[in-house]
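Structure, as structure tokens:
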């Protein structure tokens, strides 16, 4: 497919319609961007070649202008020296240079039109490419949000699963049993300490009674 045909296809393409029909819009839009970038490279290369040719033609045009002036001056010099024959030859060369100048001027006009058209085509492709890139970015962001939402929904589903709640319930029951056991241990320990205190007091009272007895009190 020629660069001009691709240019027309790209400019006339309805991006939204193409994406709606595509089975894989993301892949489709990548292919479109690649096609546009390839076309831009060819258009810019072609435009650069035409600009180089125009510059060369412009130099030749200026040389033709100088030639016209040069042969005019030589014709006048030849007449002043009485050399009509040389003046005729100089005027003939001037005529040839003038014909070449007219042709070169027409070529420059054609180059200007072609280069203007090429630059316009490049601008249109660049605008279209920019629009496609924006759509691609929006598509990527939408896909990212969709994946994040899917992950969140799956996490919620797992969290709401009955087996998950069952495991939480088992853990809570186990913790409750552990707390009850600890409380019982604390209660038993406290009761033991109270009785040990009473038993120690009985021993002390017995010792005091024994001391009194020995002292005859």
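The values are calculated or read from the model by the stated rules, or taken from the named source; none is laboratory data. Every value quoted in this text rests on a predicted model; they were computed, and no experiment measured them. Positions of Cβ are generated from backbone atoms using ideal geometry, with glycine treated the same way; all protein chains shown enter the neighbour counts.
Points to keep in mind about this one:
- For residue 34, the conditions (1) free of Cβ contacts under 8 Å to residues at least 40 places away in the same chain; (2) over 30 Å from residue 137 (Cα atoms) all hold with the exception of (2).
- Taken together, the residues in the range 71-88 that are in a helix (DSSP H, G or I) and loosely packed, with under 15 Cβ neighbours inside 10 Å amount to 7.
- The requirement of being exposed (fewer than 15 other Cβ atoms within 10 Å of the Cβ), within 30 Å of residue 129 (Cα to Cα), modelled with pLDDT of 95 or more and within 37 Å of the chain's Cα centre (by Cα) is fulfilled nowhere in the range 11-28; no residue meets it.
- Test: residue 119 is more than 22 Å from residue 58 (Cβ to Cβ), in a helix (DSSP H, G or I) and under 31 Å from the mean Cα position of the chain (by Cα): no
- Number of the exception - residue 49 against (1) surrounded by 12 or more Cβ atoms within 10 Å (Cβ to Cβ); (2) modelled with pLDDT of 85 or more: (1)
- Count of residues meeting criterion [under 60 Å from the mean Cα position of the chain (by Cα) and over 30 Å from residue 50 (Cβ atoms)] in the range 76-116: 0
- Check on residue 72, in the same structural domain as residue 54 (by TED's automatic domain parsing) and farther than 24 Å from residue 53 by Cα: yes
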